[in-house]
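The values are calculated or read from the model by the stated rules, or taken from the named source; none is laboratory data. All values derive from a computational prediction rather than experimental measurement. Quick reminder, even Gly has a Cβ in these numbers, built from the backbone with ideal geometry, and neighbours come from all protein chains shown.
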Amino acid sequence: MDTKNANAELRNLPIGVFDSGVGGLTVAREIFRNLPNEKIIYFGDTARVPYGNKSKETIIRYSRQISKFLLSQNVKAIVIACNTASALALNELKEEVDVPVIGVVEPGARAAAAATKNGRIGVIGTEGTINSGLYTEFIKKIRPDCEIFGQPCPLFVSLVEEGMIDDEVTITMIHRYLDKMIEENNIDALILGCTHYPLLRTIIAREIGDGITLVNPAYETAQALKGLLSHRGLESSTPCTLADHSFFVSDGAMKFQQFASSVLELDIQNTKLKILE
Ligand code: DGL
């Protein structure tokens with residue numbers, strides 16, 4: 001095969017996208033919207049979700065297993081759609097895997113640093129993401145003058161998975177988690193630093209009022225992926241259809257399909273079960 005054909009073949013390979021479960025579909029959704037030529041292989045580790053309260057060692061082990069599986073499917077790049085896995089396992093995967101790997105934390109941090117005017121940024125996420133301090137680290141690299149205030153919001157994940165989006169319990173929890181941080185710290189940008197939180201974006205925006213820009217790392221990651229593929233000459237030029245994408249989970253394929261169909265507003269079929277060793 002000549003080089004031109006080899007490159008074309010490489011460019012048409014899929015992108016591996018993984019998450020602890022369904023939440024990473026918010027990243028898949030942004031990839032579909034912003035990179036319509038790219039086909040994805042999505043892996044949701046639904047048997048082992050949540051990742052948000054697990055140790056770094058465990059998250060690295062799970063992320064390695066998933067990457068190994070995605071590489072066996074011949075992906076040309078890997079997107080860690082999970083904030084917790086991006087915060088705890090990105091460096092290890094980048095070193096160990098021989099395709100480009102990107103996470104959601106750095107693109108989200110970059111967008112927040114650009115969005116803030118007063119240099120005071122809030123970050124919400126799982127305990128693992130907030131305790132890692134990685135959003136703070138990335139923002140400070142870009143804008144050392146910024147002050148970053150982290151707040152874990154663990155219940156948001158379950159509320160979204162229960163479909164309790166515009167619900168009084170969710171509204172109560174938004175105020176319980178956010179009011180004090182906002183009142184005390186005068187933030188003007190808030191990073192939705194967990195895969196599930198973009199699904200609460202409208203409600204959070206309504207409840208916290210004007211004057212705070214909400215930053216969605218899922219959208220920023222799709223933009224970063226676009227930049228990476230173009231920089232490396234890896235962009236596909238062939239438009240995709242739904243049938244080109246593949247979905248794998250480690251448990252509960254039917255439940256995943258229902259959630260995926262509603263988040264992606266598509267009829268997701270044929271989700272396959274993949275048990276990882
Ligand atoms: N995907 C996770 C994240 O973005 C949230 C769900 C979990 O805790 O596994 O951090």
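Looking at region 213-233, which of the residues that are more than 21 Å from the chain's Cα centre (by Cα) and touching a residue at least 24 places away in the same chain (Cβ under 8 Å) is nearest to residue 129 (Cα to Cα)?
232
Would you point out the residue of region 98-142, among those that are part of a loop (DSSP other than H, G, I, E, B) and of a type in the set (D, E, K, R), that is surrounded by the fewest Cβ atoms within 10 Å (Cβ to Cβ)?
Selected residue: 98.
State yes or no: is residue 74 under 29 Å from residue 139 (Cβ atoms), over 14 Å from the mean Cα position of the chain (by Cα), at pLDDT 95 or above and among the polar types (S, T, N, Q)?
When the stated conditions are applied, residue 74 does not pass them.
Does region 239-247 contain any residue that is crowded, with 17+ Cβ neighbours inside 10 Å, within 30 Å of residue 115 (Cα to Cα) and of a type in the set (Phe, Trp, Tyr)?
Within region 239-247, none of the residues are crowded, with 17+ Cβ neighbours inside 10 Å, within 30 Å of residue 115 (Cα to Cα) and of a type in the set (Phe, Trp, Tyr).
Would you pick out the residues in region 237-269 that are in contact (Cβ under 8 Å) with a residue 24 or more places away in the chain and of a type in the set (S, T, N, Q)?
Result: 237, 238, 246, 250.
Would you check which residues across region 103-126 are within 13 Å of the chain's Cα centre (by Cα), farther than 21 Å from residue 31 by Cα and away from the ligand (no atom under 12 Å from the Cβ) and list them?
The answer is none; no residue qualifies.
Regarding region 9-22, can at least one residue be identified that is more than 16 Å from the ligand (Cβ to nearest atom), without any contact (Cβ under 8 Å) to a residue 60 or more places away in the chain and over 17 Å from the mean Cα position of the chain (by Cα)?
Scanning region 9-22, I find at least one residue that is more than 16 Å from the ligand (Cβ to nearest atom), without any contact (Cβ under 8 Å) to a residue 60 or more places away in the chain and over 17 Å from the mean Cα position of the chain (by Cα), so the answer is yes.
Go over the candidates 213, 172 one by one and state the one that is away from the ligand (no atom under 16 Å from the Cβ), in contact with a Ser or Thr (Cβ under 9 Å, 6 or more places away or on another chain) and farther than 18 Å from residue 27 by Cβ.
213 is the lone residue from the list that is away from the ligand (no atom under 16 Å from the Cβ), in contact with a Ser or Thr (Cβ under 9 Å, 6 or more places away or on another chain) and farther than 18 Å from residue 27 by Cβ.
Collect the residues in region 35-55 that are closer than 18 Å to residue 73 by Cα and either within 14 Å of the chain's Cα centre (by Cα) or part of a strand (DSSP E or B) (or both), keeping them in residue-number order.
Listed by number, the residues that qualify are 40, 41, 42, 43, 44, 45.
Listed here are the residues, each with its yes/no results for (1) more than 16 Å from residue 185 (Cβ to Cβ); (2) of a type in the set (Lys, Arg).
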residue: 100; (1), (2): yes, no
residue: 103; (1), (2): yes, no
residue: 107; (1), (2): yes, no
residue: 117; (1), (2): no, yes
residue: 123; (1), (2): no, no
residue: 130; (1), (2): no, no
residue: 135; (1), (2): no, no
residue: 141; (1), (2): yes, yes
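Tally time: how many residues in region 231-277 are touching a Leu at 6+ places or on another chain (Cβ under 7 Å) and among the small types (Gly, Ala, Ser)?
3
Hey, any hits in region 154-166 for a residue that's of a type in the set (Asp, Glu) and more than 30 Å from residue 257 (Cβ to Cβ)?
Within region 154-166 (the criterion being of a type in the set (Asp, Glu) and more than 30 Å from residue 257 (Cβ to Cβ)), the answer is no, since none of the residues qualifies.
Criterion first (within 14 Å of the ligand (Cβ to nearest atom), without any contact (Cβ under 8 Å) to a residue 60 or more places away in the chain and farther than 30 Å from residue 178 by Cα) does residue 63 satisfy it?
Considered against the rule, which asks whether it is within 14 Å of the ligand (Cβ to nearest atom), without any contact (Cβ under 8 Å) to a residue 60 or more places away in the chain and farther than 30 Å from residue 178 by Cα, residue 63 comes out as yes.
Can you confirm whether residue 52 is buried (at least 16 other Cβ atoms within 10 Å of the Cβ), touching a residue at least 60 places away in the same chain (Cβ under 8 Å), in contact with a helix residue (DSSP H, G or I) (Cβ under 9 Å, 6 or more places away or on another chain) and closer than 19 Å to residue 270 by Cα?
In short, no.
Quick one: how many residues across region 76-102 are within 16 Å of the ligand (Cβ to nearest atom) and in contact (Cβ under 8 Å) with a residue 40 or more places away in the chain?
Final tally of qualifying residues: 12.
Run down 228, 200 and say which single residue is buried (at least 21 other Cβ atoms within 10 Å of the Cβ) and in contact with a Leu (Cβ under 9 Å, 6 or more places away or on another chain).
It is 200.
Only residues that are assigned to a helix (DSSP H, G or I) and touching a strand residue (DSSP E or B) at 6+ places or on another chain (Cβ under 7 Å): list them for region 64-81, please.
66, 67, 69, 70
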